[in-house]
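Just below is one structure, and these are the notes that go with it.
The values are calculated or read from the model by the stated rules, or taken from the named source; none is laboratory data. On a predicted model such as this, the values are computed, not experimentally measured, just so you know. Here the Cβ positions follow ideal geometry from the backbone for every residue, glycine too, while neighbour counts run over all protein chains shown.
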Amino acid sequence: MTLLLHPGLHKTGTTWLQEAVFSNSPLFNDLMTHQEIFDVFVRPHDFDFDPQVAAEYLTDRRRQMSDGRVDVISSETLCGTRMTGQRESRIIADRLAQTCQPAKILITIREQKATLKASYFQYIKRGGRKSIDEYLSFRPEPGFYFFDKDQLSYDRLIEHYAKLFGAENLLVLPQEALARKLEAYFDQLVLHATGRLPDIHTPMPDRTRIGASPPASGLPLLRLSSHFRRTPVDNDPFMPFEPIGNLLASLGYRWKIGERAAAHRIDEAMSAATENRYAASNANIQRYCPFDLAELGYQVAGGPPVD
């Protein structure tokens with residue numbers, strides 16, 4: 001039976017795919033949890049990773065769980081960590097190639113400006129304190145890493161997966177198609193994984209958005225709250241006092257005063273950071289994607305400018 005690897009990318013509808021499509025599905029068999037995937041393929045140090053051990057683990061799991069459906073390994077941890085520039089993404093891809101052949105590859109993407117905005121909001125939600133300008137321009141000291149806009153040149157990782165697993169085994173699906181063309185999106189996914197279109201009577205999975213984002217006007221309160229509470233970004237706050245931190249965070253999700261100006265300021269910063277930066281990269285990956293990326297709002301080299 002087919003093995004489908006879905007290594008992300010982040011903020012591209014991955015949670016919806018995992019919870020609404022790959023879990024408890026008549027077509028797909030979700031083999032491993034995020035924690036299991038991380039422990040087997042991501043956590044081991046380069047000097048400790050043993051392809052044979054990982055391959056045996058996967059073989060044993062498939063022997064126990066395979067039941068005629070498409071076996072799936074899906075986790076955005078497989079494409080690396082956004083806050084380190086996904087520097088480990090190539091190493092993880094190589095590990096998957098050493099242990100999971102043969103396999104079909106699904107990589108989900110999102111237009112870069114929207115991804116950048118979602119990544120910044122996620123950074124703040126997880127306890128980050130930098131303003132939007134600091135976030136976009138920060139350069140860490142040698143030996144330390146931070147968010148890197150180059151990771152949004154998706155073609156680099158996509159082409160590497162094509163080299164490892166074969167271009168014919170790789171599919172790229174944009175999050176915008178999920179939002180606007182759900183049935184066509186689902187058809188392409190199933191066709192890639194099974195070689196045939198799904199039953200036309202198959203109920204479409206609910207695409208209700210999972211997870212809520214704070215308003216742009218509430219981000220300063222969330223940034224302030226991380227001074228008082230432990231967060232994934234900083235487990236050692238400046239003035240640890242959880243009740244104040246939690247109160248500020250709660251207010252941040254409800255604070256709407258100045259929302260229009262705050263949202264406009266963030267959009268301007270995102271536009272300046274992405275303008276004409278990814279057009280060539282997007283053109284390179286069009287051949288793996290059945291949807292017209294320019295039509296979906298992506299900058300594509302040789303195409304008309306995107307507003």
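I need a count of the residues in the stretch 238-285 that are polar (S, T, N, Q) and surrounded by fewer than 19 Cβ atoms within 10 Å (Cβ to Cβ). Steps first, answer last, please.
In the first step, residues of the stretch 238-285 are kept if they are polar (S, T, N, Q); the result is 246, 250, 271, 274, 276, 281-282, 284.
In the following step, the residues that additionally are surrounded by fewer than 19 Cβ atoms within 10 Å (Cβ to Cβ) were identified as 246, 250, 271, 276, 284.
Total satisfying the criteria: 5.
Select from the stretch 125-154 the residues that are assigned to a loop (DSSP other than H, G, I, E, B) and of a type in the set (G, A, S) and write down the one among them that is surrounded by the most Cβ atoms within 10 Å (Cβ to Cβ). Break it down stepwise before answering.
Going residue by residue through the stretch 125-154, those that are assigned to a loop (DSSP other than H, G, I, E, B) are 126-131, 138-148, 153-154.
Narrowing the set further to residues that are of a type in the set (G, A, S) leaves 127-128, 131, 143, 153.
Working: G127: 21, G128: 23, S131: 18, G143: 5, S153: 18.
Among those that are assigned to a loop (DSSP other than H, G, I, E, B) and of a type in the set (G, A, S), it is G128.
Conditions first: (1) within 22 Å of F146 (Cβ to Cβ); (2) under 24 Å from the mean Cα position of the chain (by Cα); (3) touching a residue at least 12 places away in the same chain (Cβ under 8 Å). E268 passes all but one, so which condition is the exception?
If we test E268 against (1) within 22 Å of F146 (Cβ to Cβ); (2) under 24 Å from the mean Cα position of the chain (by Cα); (3) touching a residue at least 12 places away in the same chain (Cβ under 8 Å), just (3) comes out false.
Looking only at the stretch 101-119, filter to residues that are among the hydroxyl-bearing types (S, T, Y) and surrounded by 23 or more Cβ atoms within 10 Å (Cβ to Cβ); which one of those is modelled with the lowest pLDDT?
Just the residues of the stretch 101-119 that are among the hydroxyl-bearing types (S, T, Y), to begin with: 108, 115, 119.
Next cut, surrounded by 23 or more Cβ atoms within 10 Å (Cβ to Cβ) only: 108, 115.
Values: T108: 98, T115: 95.
Among residues in the stretch 101-119 that are among the hydroxyl-bearing types (S, T, Y) and surrounded by 23 or more Cβ atoms within 10 Å (Cβ to Cβ), the one modelled with the lowest pLDDT is T115.
Among E183, E159, E134, E176, which is over 30 Å from E295 (Cβ atoms) and either at pLDDT below 95 or out of contact with any Pro (no Cβ under 8 Å at 6 or more places or on another chain) (or both)?
Values: E183 fails: over 30 Å from E295 (Cβ atoms); E159 fails: over 30 Å from E295 (Cβ atoms); E176 fails: over 30 Å from E295 (Cβ atoms).
Matching residue, one of E183, E159, E134, E176: E134.
Residue by residue through the stretch 115-148, note down the ones that are touching a Lys or Arg at 6+ places or on another chain (Cβ under 8 Å), of a type in the set (S, T, Y) and closer than 17 Å to H10 by Cα.
T115, S119, Y123
Taking the conditions exactly as written (aromatic (F, W, Y) and out of contact with any Leu (no Cβ under 7 Å at 6 or more places or on another chain)), does Y253 satisfy them or not?
On the way: aromatic (F, W, Y): yes; out of contact with any Leu (no Cβ under 7 Å at 6 or more places or on another chain): yes.
It is true that Y253 is aromatic (F, W, Y) and out of contact with any Leu (no Cβ under 7 Å at 6 or more places or on another chain).
Give the stretch 19-48 a look and list any residue that's closer than 19 Å to R82 by Cα and not acidic (D, E), or say none. Give the derivation first.
To start, the set of residues in the stretch 19-48 that are closer than 19 Å to R82 by Cα comprises 34-35, 37-39, 41-45.
Hits for the stretch 19-48 are H34, Q35, I37, F38, F41, V42, R43, P44, H45.
Looking at the stretch 278-307 only, could you name the residues that are modelled with pLDDT of 95 or more, outside any helix (DSSP H, G or I) and out of contact with any Pro (no Cβ under 8 Å at 6 or more places or on another chain)?
The answer is Y278, P290, D292, E295, G297, V300.
For the stretch 186-225, how many residues meet the condition of being among the acidic types (D, E) and either modelled with pLDDT under 90 or not in a helix (DSSP H, G or I) (or both)?
Quick first cut of the stretch 186-225, residues among the acidic types (D, E) only: 187, 199, 206.
Keeping just the survivors that are either modelled with pLDDT under 90 or not in a helix (DSSP H, G or I) (or both) gives 199, 206.
Count: 2.
Only one of Q122, Q64 is modelled with pLDDT under 95, surrounded by fewer than 20 Cβ atoms within 10 Å (Cβ to Cβ) and under 30 Å from N246 (Cβ atoms); which? Let's see the steps before the verdict.
Numbers: Q64 fails: under 30 Å from N246 (Cβ atoms).
Result: Q122 is the single residue among Q122, Q64 that is modelled with pLDDT under 95, surrounded by fewer than 20 Cβ atoms within 10 Å (Cβ to Cβ) and under 30 Å from N246 (Cβ atoms).
Among the residues of the stretch 234-248, is any part of a helix (DSSP H, G or I), in contact with a helix residue (DSSP H, G or I) (Cβ under 6 Å, 6 or more places away or on another chain) and closer than 24 Å to D267 by Cβ? Before you say what the answer is, go through the steps one by one.
Of all residues in the stretch 234-248, those part of a helix (DSSP H, G or I) come to 242-248.
Within this subset, residues satisfying the condition of being in contact with a helix residue (DSSP H, G or I) (Cβ under 6 Å, 6 or more places away or on another chain) are 245, 248.
So of that shortlist, the ones also closer than 24 Å to D267 by Cβ come out as none.
No; the residues of the stretch 234-248 include none that is part of a helix (DSSP H, G or I), in contact with a helix residue (DSSP H, G or I) (Cβ under 6 Å, 6 or more places away or on another chain) and closer than 24 Å to D267 by Cβ.
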